[in-house]
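Supplied in structure tokens, the structure appears directly below.
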Amino acid sequence: MVATAATSTSFRDRVFEILAHVPDPEIPAVSVVDLGIVRDVTDEAVTITPTYTGCPATLAIEADIRTALDRAGLSKLKIETVLAPPWTTEWISEEGHAKLRAYGIAPPTMRATECPRCNSTHTEEISRFGSTPCKSLWRCLDCREPFDKFKCH
Amino acid sequence: MSARFDHAIRLGDDALILGQRLSEWCGHAPMLEVDLSLANIGLDLLGQATHFLGVAGEAEGKGRDADKLAFHRDVLDFRNCLLVEQPNGDFAQTIARQFLFSNWQELLLTEVAAAPDTALSDIARKSVKEVIYHCRFANEWVVRLGDGTEESRKRMIEGLDWMWRFVDELFDAKDGAASLRPEWDKRIATVLSEAGLEAPKPRRGTMGGRKGHHSEHLGHLLSEMQFLQRAYPDARW
């Protein structure tokens, strides 16, 4: 086999598949791949990016990814952290949006915020800052339930 | 010491010290939502500080990482502006400090984000997105308190009055930040006018933080923040 600098699609897919099973420590319903934390995979390294600079989960995420790679026999793969381009909620996948909604967290949207329980758009923000750096607190004015919303960032 | 180290350490120390100050509110804020907000803003700032101090450590090249720089320096070696080390006071005084600082920090980081030093500009580009949130929070509270009850208005005026003397230092020409002043003045004036408040009377600014000449408050803050590393040097989790 001829050595090549380009990472084969199958290897890349395999690593992404492994990481798709690494849950976010704060919101275990979604994986680090769903959230767009995993940027790239090459033969040498997995590139990740933090969501918020001060997110305390950043170190836990790196440790969890390390464990998953080691278990898959990929101890040689390094983990590299990049800041640019900055992470935004645009990096969250469609699948991630659906998983968040199913978990009871309204996904980030610039349109009217929908209650994840009754789908009403008759909702209001209670607090711009929530239980984690990435979420704000909302409430539904129809079913009266409070809920978290992933902030547009 | 290199200009790059000086630049990074100023950015890092501002964020670190204000982040530590804000963490003092945790569990004490007037209501739960505000408690969360102040803790989250503090957390953002600590994250920024970690990155900026990391760059400072690399620029210095003596093997000091962000933790070493945060926990193994004493007052004279800190380069934060005096504004961020001021005590929290009451809620209005904390809001006044955040209002003046975040509006300045957003302008400053926007400038750093466009600079050629990619290590610093990457951090700035990421951080500025967070600081826009901080500004919104602080600006809204200035309006709410200024345009609220007689008591909240009085306290907002007193808070601004106390913090105002530390504004000039932010725009010290030696730091190259003087050009940000007109835009900052405009932003501050807009919010104050919405709050029905006036800017405090100009007075001679108190300076010195960038040279390590700090107020007494910083020593107390550090003795708490650095307690563990002072008692058990290089202790790790």
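None of the figures in this text is laboratory data; all of them are computed from the coordinates on show. As the structure is a computational prediction, the values presented were derived from the model and not from experiment. Virtual Cβ from ideal backbone geometry, glycine too; neighbours counted across all protein chains shown.
Counting other beta carbons within 10 Å of each residue's own, what order do A:E26, B:E106, B:E224 fall into, fewest first? The partial results should precede the final answer.
Values: A:E26 18, B:E106 23, B:E224 10.
Arranged by neighbour count, lowest to highest, A:E26, B:E106, B:E224 become B:E224, A:E26, B:E106.
Suppose we keep just the alpha-carbon trace of the stretch B:171-237; what are its Rg and Dmax in angstrom?
Cα radius of gyration and Dmax of the stretch B:171-237 are 18.7, 51 Å respectively.
Provide the FRET efficiency to the nearest 0.05 for the B:A3-B:Q226 pair, computing r from the beta carbons and using R0 = 30 Å.
Details: r = 27 Å, r/R0 = 0.90.
The pair B:A3/B:Q226 has a calculated efficiency of 0.65.
Further, regarding this structure: Just add up the charged neighbours of B:L145: K/R +1, D/E -1, any other residue whose Cβ is under 9 Å from the Cβ of B:L145. Provide the component values of the computation, followed by the final result.
Values: positive: B:R144, B:R153, B:R155; negative: B:D147.
That works out to +2.
Now, a different point. For the stretch B:30-84, would you read off the P(r) tail past 12 Å as a percentage of all alpha carbon pairs? Don't skip to the answer; put the middle values down first.
Values: 1068 of 1485 pairs.
Across the stretch B:30-84, Cα pairs with separations above 12 Å total 72 percent.
OK, next. Hey, how much of the P(r) for the stretch A:9-90 falls beyond 19 Å, as a percent of Cα pairs? Walk me through the intermediate numbers first.
Working: 953 of 3321 pairs.
Tail of the P(r) past 19 Å holds 29 percent of the pairs.
Next question, about the same structure. Please give the Cα centre distance for the stretch B:87-124 versus the stretch B:1-69, rounded to the nearest Å.
Cα centroid to Cα centroid, the span is 11 Å.
So what are chain B's ellipsoid semi-axes, whole angstrom, largest first, if each one is the square root of 5 times an eigenvalue of the alpha-carbon gyration tensor?
So the equivalent ellipsoid measures 28, 20, 16 Å along its semi-axes.
What is the Cα radius of gyration of the protein assembly as shown over 2.2 N^0.38 Å, N being its residue count? Working shown, then result.
On the way: Rg = 22.4 Å, N = 390, 2.2 N^0.38 = 21.2 Å.
Scaled against compact globular proteins, the figure is 1.05.
Roughly speaking, what is the centre-to-centre gap between the stretch A:44-73 and the stretch A:75-153 when only Cα atoms are used, to the nearest Å?
Centre-to-centre (Cα) distance: 21 Å.
Which net charge results for the neighbourhood of A:D148, defined as the other residues with beta-carbon distances under 15 angstrom from its beta-carbon, given Lys and Arg at +1 and Asp and Glu at -1?
+1
Determine, from the Cβ-Cβ distance of B:D90 and A:A45 and an R0 of 45 Å, the FRET efficiency 1/(1 + (r/R0)^6), rounded to the nearest 0.05.
Numbers: r = 50 Å, r/R0 = 1.10.
Efficiency for this residue pair is about 0.35.
Also, quick follow-up: If the elastic network links every pair of Cα atoms under 10 Å, which of B:G61, B:G209, B:G47 fluctuates the most in the Gaussian network model of chain B?
B:G61
Given H placed 1.01 Å from N in the peptide plane, which residues other than close sequence neighbours of A:D24 have an amide H under 5 Å from its amide H?
Here A:V30, A:S31, A:V32 satisfy the definition.
Still on this structure, I have one more. Taking the square root of 5 times each eigenvalue of the Cα gyration tensor, what semi-axes in Å does the equivalent ellipsoid of the stretch A:104-150 have, largest first?
Working: eigenvalues 49, 23, 15 Å².
So the three semi-axes of the stretch A:104-150 are 16, 11, 9 Å.
Tell me what chain B gives for mean residue ellipticity at 222 nm when only DSSP H runs of n ≥ 4 count, each as -39,500 (n - 2.57), the sum divided by the residue total, rounded to 500 deg cm²/dmol. Please report the intermediate quantities before stating the final value.
Working: 11 runs with 159 residues, N = 237.
When only DSSP H runs of four or more count, the value is -22000 deg cm²/dmol.
With the cut-off at 1.5 for a/c, could you classify the stretch B:125-237 from its C-alpha gyration tensor as rounded, prolate or oblate?
Working: a/c = 1.79, a/b = 1.57, b/c = 1.14.
Prolate.
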